[in-house]
Every structure is written in C-alpha cells, then in structure tokens.
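Engineer: Here's a structure for you.
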Amino acid sequence: MKWILRNQTILPRGETAVDIDDRGYQFGDGIYEVVRLYGGEPFLMRPHLDRLRRSAHELGMRADLDNGVLEENFRQLAEKEGVSTGILYMQVTRGVYQRVQEFPPADLPVQLTAYAKPMERPAEALRQGVAVWLVPDIRWLRCDIKSLNLIPNVMARQQAKEHNCLEALQHRGDMVTEGAFSNVFLVSGGKVRTHPEGNLILSGITRAHVLSLCEQAKISVDERAFSVNELLSADEVFITSTSNEVMPVVRVGDAVIGTGEPGPVTRNLQGLYEESFGMVTKN
Ligand code: PDD
C-alpha cells in the first residue's frame, strides 16, 4: 500500500503520520467501513456510505460526508493504488484536539483516512468451509455502530486463532449474536435464520444483501436470534462479511455441522452472491 487518502487529498503513505492528539488514536473515537473491490469497482458502496453516516450520527460526529465526493475520491485511490480485487478501508475520527474525554468544539474538522489494498477472495475456504470458535460476547451495547473500538473483537479473534479457527462467534448468555467480523446464519429444514437487527449486532451490508438474495430465490427467512444449541444442531451454518462473502461454516468448536461439508442452501446463496458482483464488475 503506497497511497493514503487524507480528507480529500491522496498522499504518499510516508506523508500521513497520525497526530498523537487524534481522537481515534487516543480513544478509538471514530468509525470505519470496509468496502470490497471487484475488478477495481467498489461493491455495494452506497449502503456502506449510508452506514458510515449513520455511525457518525449515532456518535454525535459531524457527518458532512458527501456521497459523490467520497465515491470519486475512493475511485481515484483504488486506481492510483492499482487494486483490482481488494478492499477499500476508510475511517473517520472526531479530529485532532488536546486530550479531553468530552467532545471537542463542534467546528473541529473530522479526519478521514482511507486506503485501498489488494485482497484475493478466499477461494479455497469458500469451497471447503471453515471452523469457528465460540466466545462470550463481551462488547458494549451499541454493536450497531461501526466504531474503531475493536478490543473485544481483537480478543475474540485471538482465541479463534489459537484454536485454528477463522472466526469467533459470540454469544450473550445462550443467544448467538454475531462473529467478530461477520454476521452468522443457520439453515434448518431449508429455512434461513439470523439474529434480528438492533443494538446487539452490526447491520451487515452483506447480511442485508444475502437476505435480499433469499427473497429472490424464495428461501424463507426468520430474523430471530438462536441459541448455541440450535446453532450446533443446524443443518448448515454460514457467516457473511464484506471480505469473506458467504462463507460456509462446517465446524463450531469440536462440533461438526450437518454433514461436515457446505450444504445446498449455502451453495445456492454463494452462487447468487457471485452472480451479483459479477454483474457489477462487468459494468
Ligand atoms: N466485517 N459484524 C461485525 C462485528 C463486523 O465487524 C462486520 C464487518 C460484519 C459484517 O458486515 P459487512 O457485511 O457490512 O462487512 C458483521 C469486516 C469489516 C470485514 O469482514 O471486512
């Protein structure tokens, strides 16, 4: 990665040092988004920008982020970096100000930073499925905000890694909420089920897209939380995220899910998902 977008200027990476007084650095006082690039084209950019704006609003951050300007800047960034299959990362912090916990003056400019980098699709994992690890959900009660504070996710992911699992699935009490970087779905009797939107999960852009694909494919959907036991006894499980798309889960901890191979509903949704960004990259 050679280039960084800082506010509206693309600069060489070496010229974009972070000020110690940046509130993102001091407090994690900021928000972020990750957008997929397929064939150099951002996928589902608008919903990501809408969610960025919503996160800003919920945190009382000034959100004069213009879609048109942002889209143009991000396009230039991806082009300059020469990224085809990859991701765009963007974050907005509340700005640079002496370290006080309360909000700085309202006219302090926010700091937008973004980069593009190559990231292949996880082809083999998408074919074979992955293992996940269960952890208690120790996050705050505003998981709908995509905040820079990711310490619980970092801790959860580390536990997953130590058990050779790709993702950590979190549960509050007995109810499964979501992964550290993904939403989680189960399939039982041909029906798809996932945690409803609200303060306990991030409203995933991939989640919403997959739900619309279910509707198209006439797969019935139940947006209702499920327990750990229901997860373990499901016919199929999959997770969704920008970078990992529709990823089959074939093992949860020591428990094998279904036949131990990606199931037919997951396969169907994977195919529909691929078709949908295939159409975007052809534009
Ligand atoms: N995943 N839940 C959490 C806690 C997340 O961090 C993410 C994002 C998701 C899925 O959201 P989306 O479908 O909008 O990516 C759910 C990171 C950014 C990623 O995998 O790229």
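The values are calculated or read from the model by the stated rules, or taken from the named source; none is laboratory data. Note that this is a predicted model, so its numbers are computed, not measured. Using ideal geometry, Cβ is built from the backbone for each residue, glycine included, and neighbour counts are taken over all protein chains shown.
Engineer: Considering only the range 248-263, I want to know if a residue exists there that is closer than 30 Å to R54 by Cβ and within 13 Å of the ligand (Cβ to nearest atom).
Structural biologist: No, the range 248-263 contains no residue that is closer than 30 Å to R54 by Cβ and within 13 Å of the ligand (Cβ to nearest atom).
Engineer: Scan the range 110-167 for residues that are of a type outside the set (F, W, Y), buried (at least 19 other Cβ atoms within 10 Å of the Cβ), under 30 Å from V69 (Cβ atoms) and away from the ligand (no atom under 12 Å from the Cβ) and jot them down.
Structural biologist: V110, Q111, T113, A114, A116
Engineer: Something else: Tell me the residue from S188, S182, S203 that is among the small types (G, A, S) and surrounded by 20 or more Cβ atoms within 10 Å (Cβ to Cβ), please.
Structural biologist: Selected residue: S182, the only one of S188, S182, S203 that is among the small types (G, A, S) and surrounded by 20 or more Cβ atoms within 10 Å (Cβ to Cβ).
Engineer: Still on this model: Checking E102 against (1) within 14 Å of the ligand (Cβ to nearest atom); (2) surrounded by fewer than 17 Cβ atoms within 10 Å (Cβ to Cβ); (3) not assigned by TED's automatic domain parsing to the domain that holds E245, which single condition isn't satisfied?
Structural biologist: That leaves (1) as the condition not met.
Engineer: Among the residues of the range 173-184, is any more than 13 Å from the ligand (Cβ to nearest atom), touching a residue at least 40 places away in the same chain (Cβ under 8 Å) and not assigned by TED's automatic domain parsing to the domain that holds V83? Spell out the reasoning first.
Structural biologist: So the first thing to find is which residues in the range 173-184 are more than 13 Å from the ligand (Cβ to nearest atom), and the list is 173-175.
Next, from what is left, pick out any that are touching a residue at least 40 places away in the same chain (Cβ under 8 Å): 174-175.
With the extra rule that they be not assigned by TED's automatic domain parsing to the domain that holds V83, the set shrinks to 174-175.
Yes: the range 173-184 contains one or more residues that are more than 13 Å from the ligand (Cβ to nearest atom), touching a residue at least 40 places away in the same chain (Cβ under 8 Å) and not assigned by TED's automatic domain parsing to the domain that holds V83.
Engineer: Please enumerate the residues belonging to the range 200-247 that are part of a loop (DSSP other than H, G, I, E, B) and near the ligand (Cβ under 10 Å from one of its atoms).
Structural biologist: Once the filter is applied, which keeps residues that are part of a loop (DSSP other than H, G, I, E, B) and near the ligand (Cβ under 10 Å from one of its atoms), the range 200-247 yields I201, L202, S203, G204, T242, S243, N244.
Engineer: Let me ask something additional. Restricting the range 130-176 to residues that are of a type in the set (S, T, N, Q) and assigned to a helix (DSSP H, G or I), which is farthest from V256 (Cα to Cα)? Full working, then the answer.
Structural biologist: Kept after step one, since they are of a type in the set (S, T, N, Q), are these residues of the range 130-176: 147, 149, 153, 158-159, 164, 170.
Still in the running and assigned to a helix (DSSP H, G or I): 153, 158-159.
On the way: N153: 24, Q158: 21, Q159: 19 Å.
Here the residue is N153.
Engineer: Also, quick follow-up: Determine which member of the set V250, V256 is surrounded by 15 or more Cβ atoms within 10 Å (Cβ to Cβ) and of a type outside the set (S, T, Y).
Structural biologist: Only one candidate qualifies: V250.
Engineer: Output the helices (runs of 4 or more DSSP H) that fall wholly within the range 1-90 and possess 1 or more residues being more than 18 Å from L148 (Cα to Cα), or say none.
Structural biologist: Where helices (runs of 4 or more DSSP H) fall fully within the range 1-90 and carry at least 1 residues being more than 18 Å from L148 (Cα to Cα), they are 45-58, 67-81.
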